[in-house]
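The values are calculated or read from the model by the stated rules, or taken from the named source; none is laboratory data. Model, not experiment: these values are computed from the prediction. Cβ atoms come from the backbone with ideal geometry, glycine included; neighbour counts cover every protein chain shown. These accessible areas exclude ligands, DNA and RNA; they are computed on the full protein's heavy atoms, side chains included. Shrake-Rupley method; radii C 1.70, N 1.55, O 1.52, S 1.80 Å.
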Amino acid sequence: MGFTQWPADLTDEGLAMAKEYAHAHGDIVSVMFIGGIPWPEAFDGKPFSNDVQDNMRYRPPAGKKLFLSISPLNKDRRDLAPYWSDRENQPLPPPWDKEPLNSPRVKRAFLNFVLSAVETMRQDYLAIGVESKVLLSRDAAKWRQLKELHRDTYAAVKKVHKSLPVFFTTEVLHYRRLTREAKSTDQEKEVADLMRFSDLFAMSLYPHMSHEVPKIIPANFLEFATRFKKGIAVAESGMTSYNVELKSYNTTLYGSEAEQMQFTEMLLKTAARDNYEFVINFATTDSDRLVARLRPPLADLARIWAYIGMQAGDKRPKPASAVWDGFLKAKHQQAKWW
């Protein structure tokens, strides 16, 4: 059970608040490289920028596991990830701005970067795709390219690191066709096909992002995850504890502290029952102060996840945090008793 270190605010205090909570209330830390790939440096085998190297230096506290996610796709899950140079999310330089997802150059650069990260960070779990199948809902031709990139990268990493769990992550709302753009796609068939090259079935789940998810989420909502007969994990998750108005998108996402608590309990009960490998709640702390610094439409995009923390921005514990801490304590007490 653990968190990412997504900051509560773009300040030293906001960064420290998230890190402290993640270390105190979990036994696994999630690090996500989702802002780009150092494409030319990885392709040529040259040193990465100081920013890339600094991020690779992170180590969790002793006794806690590390889960690393690396995405070859951009934040919209529509095309190749941007360039990670001195900063993330930089424009792709030529010829990378024209490369297909399955080009030999992309395959070589992505594999080199993944292997460098594995050898440097020594993580316990590795995702080489983040919400990969959202691309299926948006571009079927590029989805086929991504499948080829994933298969080749998976095979190459497993050849060197046989015991490392390697997988991609699946966005549940698209998989269950609870979003408009996913309804005409064969999500189940395509994910099952790619699961031949995945050691875990790893999910991301933010139920407030679809109005089609029941307000009281049923206990059997995630039963489909067992059909793959592989280990299961929740790579990222969260439920908003407040209604969120997204003016740029002309919609409101609904939630409350009670609904966040109910979702957390349902998720952790399911994970305990079905023996999940791990569960990640994306944010430790509400990030409304961070969102206030942003301009539309980026502010609205960030607001989707602004209130999914286990504590408010002023460190007030929310009701869901008691559920989370109770499961974490029970898990470790049971392990110690046995």
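Please sort by residue number the chymotrypsin sites (Phe, Trp or Tyr not before Pro) in segment 1-102 whose DSSP state is loop and whose Cβ has at most 15 other Cβ atoms within 10 Å. Write down the numbers at each step before the final one.
Numbers: sites: Phe3, Tyr21, Phe33, Phe43, Phe48, Tyr58, Phe67, Tyr83, Trp84, Trp96; in loops: Phe48, Tyr58, Trp84.
Taking segment 1-102 and a limit of 15 other Cβ atoms within 10 Å, the loop chymotrypsin sites (Phe, Trp or Tyr not before Pro) found are Tyr58.
Stretching the chain fully between Asn243 and Asn275 yields a gain of 8.3 nm (0.36 nm per residue, less the alpha carbon separation).
Size of the chain: Rg and Dmax of its alpha carbons, in Å, are 19.2, 58.
When the alpha carbon gyration tensor of segment 233-315 is reduced to an equivalent ellipsoid, its three semi-axes come out at 26, 13, 12 angstrom, largest first. Here the relative contact order of segment 187-338, from alpha carbon pairs under 8 Å that lie six or more residues apart, stands at 22 percent.
Report the antiparallel proportion of the DSSP beta bridges in segment 124-276 as a percent, rounded to a multiple of 5. Walk me through the numbers on the way to the answer.
Numbers: 3 of 14 bridges.
Among the beta bridges of segment 124-276, antiparallel pairing accounts for roughly 20 percent.
Applying 1/(1 + (r/R0)^6) with R0 = 45 Å to the Cβ-Cβ distance of Leu164 and Ser184 gives a FRET efficiency near 0.80. When a/c reaches 1.5 or more, the comparison of a/b and b/c decides; with that in mind, is segment 140-204 rounded, prolate or oblate per its Cα gyration tensor? Taking the square roots of the gyration eigenvalues as a ≥ b ≥ c, segment 140-204 is prolate. Our coupling estimate for segment 250-256, obtained by passing each phi through the Karplus curve with A = 6.51, B = -1.76, C = 1.60 and θ = phi - 60°, is 6, 8, 10, 9, 9, x, 8 Hz, Gly and Pro reported as x. For segment 35-46, the Karplus equation 6.51 cos²θ - 1.76 cosθ + 1.60, evaluated at θ = phi - 60°, returns couplings of x, x, 10, x, 3, x, 5, 5, 5, 8, x, 9 Hz by residue, with Gly and Pro reported as x.
The trypsin sites (Lys or Arg not before Pro) of segment 148-198 meeting both criteria, a DSSP state outside H, G, I, E and B (loop) and at most 10 other C-beta atoms within 10 angstrom of the site's C-beta, are Lys162. So which trypsin sites (Lys or Arg not before Pro) in segment 48-82 are both in a DSSP loop and have at most 11 other Cβ atoms within 10 Å of their Cβ? Sparse-neighbourhood loop trypsin sites (Lys or Arg not before Pro): Arg57.
Straight-line cross-link reach from Lys315 at under 16 Å between alpha-carbon atoms covers these lysines, not counting any fewer than eight positions away in the same chain: Lys19. About the centre of its Cα atoms, segment 265-338 shows a dipole size close to 180 debye [charges on the beta carbon of Lys, Arg (+1) and Asp, Glu (-1) only; nearest 20 debye].
Scaled to the compact-protein estimate 2.2 N^0.38 Å, what is the alpha-carbon radius of gyration of segment 190-288, rounded to two decimal places?
This ratio for segment 190-288 stands at 1.17.
Against the chain, whose longest principal axis comes from its Cα atoms, helix 319-337 is set at around 80 degrees.
Between the alpha-carbon centres of segment 261-338 and segment 181-207 there is a gap of 23 Å. Take the Cα of Gln333, go 7 Å toward its beta carbon, and the backbone nitrogen atoms of segment 22-40 under 20 Å from that spot belong to 24-28.
Sequentially through segment 203-217, phi angles give Karplus couplings (6.51, -1.76, 1.60; θ = phi - 60°) of 10, 10, 8, 10, x, 5, 7, 10, 6, 8, 6, x, 4, 9, 6 Hz, Gly and Pro residues having no value and appearing as x. Let me know the whole percent of all Cα-Cα pairs from segment 104-216 that are separated by more than 24 Å. Counting every Cα pair in segment 104-216, those more than 24 Å apart make up 30 percent. DSSP beta bridges confined to the chain are antiparallel in about 20 percent of cases. To the nearest 10, the accessible area of Asp274 is 40 Å² with a 1.4 Å probe.
Mind checking the dipole of the chain: about its Cα centre, +1 per Lys or Arg Cβ, -1 per Asp or Glu Cβ, Debye to the nearest 20? Could the numbers behind the result be given before it?
On the way: 47 positive and 42 negative charges, 171 e Å.
Dipole of the chain, to the nearest 20 debye: 820 debye.
Take every Cα pair under 8 Å whose residues are at least 6 apart in sequence, average their separation, divide by the length of the chain, and the relative contact order is 16 percent.
For Lys183, the aspartates and glutamates whose Cα falls under 17 Å of its own Cα, not counting residues fewer than eight places away in the same chain, are Glu131, Asp139, Glu171, Glu212.
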